[in-house]
1. Would you mind telling me which numbered condition in (1) touching a residue at least 12 places away in the same chain (Cβ under 8 Å); (2) within 11 Å of ligand 1 (Cβ to nearest atom); (3) farther than 28 Å from Arg319 by Cα Val75 fails?
2. If a residue counts only when it is hydrophobic (A, V, I, L, M, F, W, C), which helices (runs of 4 or more DSSP H) contained entirely in region 275-343 have at least 2 such residues?
3. Identify, from the list Asn99, Asn37, Asn28, the residue that is of a type in the set (S, T, N, Q), within 16 Å of ligand 2 (Cβ to nearest atom), on the phi < 0 side of the Ramachandran plot and out of contact with any Leu (no Cβ under 6 Å at 6 or more places or on another chain).
4. From the set of residues in region 49-77 that are among the acidic types (Asp, Glu) and part of a loop (DSSP other than H, G, I, E, B), which is surrounded by the most Cβ atoms within 10 Å (Cβ to Cβ)?
5. Would you point out the residue of region 34-48, among those that are of a type in the set (A, V, I, L, M) and free of Cβ contacts under 8 Å to residues at least 12 places away in the same chain, that is surrounded by the fewest Cβ atoms within 10 Å (Cβ to Cβ)?
6. Please verify whether region 160-169 includes one or more residues that are aromatic (Phe, Trp, Tyr), more than 13 Å from ligand 2 (Cβ to nearest atom) and surrounded by 21 or more Cβ atoms within 10 Å (Cβ to Cβ).
7. Please state which one of Trp307, Trp291 is surrounded by 18 or more Cβ atoms within 10 Å (Cβ to Cβ), among the aromatic types (Phe, Trp, Tyr) and modelled with pLDDT of 95 or more.
8. For residues that are without any contact (Cβ under 8 Å) to a residue 40 or more places away in the chain and more than 13 Å from ligand 1 (Cβ to nearest atom), scanning just region 8-33, find the one that is farthest from Arg316 (Cα to Cα).
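The values are calculated or read from the model by the stated rules, or taken from the named source; none is laboratory data. What you see is a predicted model, and the numbers here were worked out from it, not measured in a lab. Here the Cβ is made from the backbone with ideal geometry for all residues, glycine too, and neighbour counts use every protein chain on show.
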Amino acid sequence: MVTGGAGFIGGNFVRYMLDTYADAEVVNVDALTYAGNMESLADLAADPRHAFVKADIASASEMAAVFEAHAVEAVVNFAAESHVDRSLHVGAGAFIATNVSGVQVLLDACRERGVRRFLQISTDEVYGSLGAAGRFTEESPIRPNNPYAATKAGADFLVRAAWKSHGLDAVITRCSNNFGPYQFPEKLIPLMIVNALEDRPLPVYGDGLQVRDWIYVTDHCAAIDAVLRRAAAGRVYNIGGNHDVTNLSVVRRILAILGKPESLVRHVTDRPGHDRRYAMDSTRIREDLGWTPRHAFEEALDATVRWYLDHGPWWRRVRSGEYRAYYERLYGRRLAEAGAAGP
Ligand code: NAD
Ligand code: TYD
C-alpha cells in the first residue's frame, strides 16, 4: 500500500515500483486534497497492477475497509500535509489530523492486520536548522521549528513507539528537499519555474541565502525501495542529494535555463522561523544499503524545467481555483510591498 500516491513523491514512487518490478502490485490510497491529482496518475489507469482508492488515512473505518479489500504486505506512508507555508499561514489543524493522527491510524491497522512492514516517509525538517557548519545525522536532536516539521516529528515518535512497545516492524526515512516532475507549484522549484514561464515575479524569502540540500525525486524513490526491502526493523535513514546550495542560486539557475532576466526576482518578507540551512549526512544508507544518488543536480534541474515546459496543461489546471486564493493570501501583500503585483 502506498498512501499519498496522487501527490508528488508518492506518485513518482508508484511509477518507480511498477517500472522496476514486473510483479509489483500497488494499492494507492489518497484523500485527494488540493495536492492530490488523478491527472498525475493518468498513464497508470490501464495498468492492472495499480488500484486507486480515495480514502483518508486519519479515518479508522476507511482504512479498515481498504485493509479488508486488499492483502497488504507493506505500507509506505507518503500521505501528509506537506507545505511549511500552509502550516504557518492556513493553520496547523489539517497537519495534526493527517501527519499525526493519520499515522497512528495506519500503525494500529498494521499491527491488527499483521502487516509485515511500515515505512514512514519523514523529512530532514524534523532536525530543525543547522548553523554554518555540519550536517544532520540520524543521531542529531529532533528540534522542529515550524508546525509542519513538528507534526512530522510527532509522527516519527509514534512510529518509534509502535516499534518499541508493540514490536511492529517499522522503519523511517528522512529525506532532504525533492524536486522533479509532478511537484505542486507551491514549493520553491516548481513555483519559480511556472512564475518565470509566465514572466511573473519570483518571490524569494528574505536574503535568499538559506541553504537546502536538493535531491532528484527518482533518487529518493530508489532509496525508499532499498530501505523497504533491506533495512532492519526500527532503523532510521537519512537521505540527501549531497547538493546543498542557496535558494538564490537555484532561482538564478532556473532563470538561466529559461533565458529569463534576473529582474524577475523579488526579495519579499521572510518566512517566520525560517530554517537557515539543511544538509544531510547520508553515510548510514550508503554503508548499510549501498544507495547513492545517481542524478547530478544540473541535469536533473534541466529535465525538470523541460517537464514543466512540456506539461503546461497540468500546471495551469493545478494553478486555477483554490490556488489563486492561496497565492494571493501568501504573496499578495509581500509582493506589493516588494514593488510588484501578484498574478
Ligand atoms: P504532496 O503534498 O505533493 O502530496 C501529499 C499527498 O497526500 C497528496 O496526494 C494528498 O492528497 C495526500 N493526502 C493528504 N492528506 C491525506 C489524508 N488524510 N489521507 C490520504 N491522503 C492524504 O507531498 P510530497 O511532496 O509528495 O511529500 C510526500 C511525503 O514526503 C510527505 O510525507 C512529506 O512530509 C515527505 N517529504 C517531502 C519532501 C519534499 O521535498 N517534498 C522532502 C522530505 C519528505
Ligand atoms: P519549500 O520548497 O517550501 O521547502 P521547505 O520549506 O520544505 O524547505 O522552500 C524551499 C526554500 O525556498 C525555503 O528556504 C523557503 C524558500 N522559498 C522562497 O524563498 N520563496 C518561495 O516562494 C517558496 C515557496 C520557498
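1. Going through the list (1) touching a residue at least 12 places away in the same chain (Cβ under 8 Å); (2) within 11 Å of ligand 1 (Cβ to nearest atom); (3) farther than 28 Å from Arg319 by Cα, Val75 breaks only (2).
2. 283-289, 297-310, 312-318, 333-337
3. Matching residue, one of Asn99, Asn37, Asn28: Asn99.
4. Among residues in region 49-77 that are among the acidic types (Asp, Glu) and part of a loop (DSSP other than H, G, I, E, B), the one surrounded by the most Cβ atoms within 10 Å (Cβ to Cβ) is Asp56.
5. Out of the qualifying residues, it is Ala46.
6. Within region 160-169, not a single residue is aromatic (Phe, Trp, Tyr), more than 13 Å from ligand 2 (Cβ to nearest atom) and surrounded by 21 or more Cβ atoms within 10 Å (Cβ to Cβ).
7. Within the list Trp307, Trp291, the selection yields Trp291.
8. So the residue we want is Asp23.
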